[in-house]
Structures are given as C-alpha cells and as structure tokens.
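The block underneath contains the structure these notes are about, expressed in structure tokens.
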Amino acid sequence: MPSSDFVHQLYSEHHGWLRGWLRSHLNNAADAADLAHDTFVRLLQRREPPQLSTPRAFLRTVARGLVIDHWRREELRRAYLEALAQLPEAQAPDAETREVVLELLERIDRLLDGLKPKVRQAFVLVQCEGLSQKDAAARLGISLRSVERHVADALYHCYVLRYEQALPVDG
C-alpha cells in the first residue's frame, strides 16, 4: 500500500487542480468533488505507490476512467428511467424499488466491466434480454459458436470476480 504521507503530499499538491479539471469535464461541482475524492481513494488502494514523474498525468488518467464509469452509470440510470416512463402508472414500481433495481443494474454493470464489447453484448442479449443464442448471433452478425463462447467467457468472468476474488455482492 502506498504510504499515507505519499498520498497526502499528492493530495495537497494536486487535489484542487484535479477537482477543477473534473469540473470542466463534468460541468457539475459536486460530481467533480466526488470523483476527485475517488481518484485518491483508488491511489490509496494500490499495493505499491506508482513511480510518478508526471503526477498530474497519472491523476488525470485515473480520473478519466472514473469519468467514463460515471457517464456509463448515468446512461444506465437514464435508460432505466426512460423504460419506466413507458410503463402504465399502475405497473410502475415505487421509488424504493426503483432505487434497488438501479443499484442492482449498477452492480451487474460493474461485474461486466472489462469484458470485450462483443462478449458483453452477447451476454446481455442472451441473459438479460432473453434472446436465444441463435437470435443473438443473428443480431450481432457472428456465428452461433462465437455467441456460445462469448456467453461462457462472460459467465466465467463473473464467477471469477464473485467467488475467486471474493468480490462482495454489495459492490
């Protein structure tokens, strides 16, 4: 783990700059502050301190990944809320259920993070949208065997993250 002195110095020297950089990319001061904080938390979670000749470039790289994750979560949230808006009011879940489902969707998204796009797409089509593997192959324009392999790879990926790396379900 990096020493807290190392992270404290990095934080003291670059936190304000990083928060400003994030604010210019997010147009939201609260999200920028959260992601700046998360950037330093990521640094604290590393086993070894990185050798930094250009600390701002390093921080920007970590923060850029967090911004991409943030945008993906926002898109997921927006898509879910748009889908709910299509439901008749009598079938719409209450606010608490909506939040639970959103949280679950975000956990699933984190589990699938890191998969190649075709693997992720095949998995989502088969496991989440209920398409047959044959229909998923047709939609993706790939062979049935490729879809079978992609779904198996995705399931194995989730298994490794959940059980072999002891990833908490709560995320």
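Assorted remarks:
- Qualifying residue in the range 75-85 (condition: surrounded by 11 or more Cβ atoms within 10 Å (Cβ to Cβ) and at pLDDT 90 or above): no
- Test set (1) assigned to a helix (DSSP H, G or I); (2) over 19 Å from the mean Cα position of the chain (by Cα) - I142 fails condition number: (1)
- L125 in the same structural domain as W21 (by TED's automatic domain parsing), free of Cβ contacts under 8 Å to residues at least 40 places away in the same chain and farther than 30 Å from P50 by Cβ: no
- Residue match in the range 69-77 (condition: in contact (Cβ under 8 Å) with a residue 24 or more places away in the chain and either under 19 Å from V7 (Cβ atoms) or of a type in the set (S, T, Y) (or both)): no
- Screening the candidates L115, L104, L111 for the property of being in a loop (DSSP other than H, G, I, E, B), more than 30 Å from G20 (Cβ to Cβ) and under 22 Å from the mean Cα position of the chain (by Cα) yields one hit, L115.
- Yes/no for L66 being in the same structural domain as L155 (by TED's automatic domain parsing) and either more than 30 Å from L140 (Cβ to Cβ) or in contact (Cβ under 8 Å) with a residue 12 or more places away in the chain (or both): no
- Boolean, R149 is basic (K, R), surrounded by 13 or more Cβ atoms within 10 Å (Cβ to Cβ) and either modelled with pLDDT of 95 or more or on the phi > 0 side of the Ramachandran plot (or both): yes
The values are calculated or read from the model by the stated rules, or taken from the named source; none is laboratory data. Bear in mind the structure is a predicted one, so any value in this text is a computation, not a measurement. Reconstructed Cβ throughout: ideal geometry from the backbone, glycine too, with neighbour counts over all protein chains shown.
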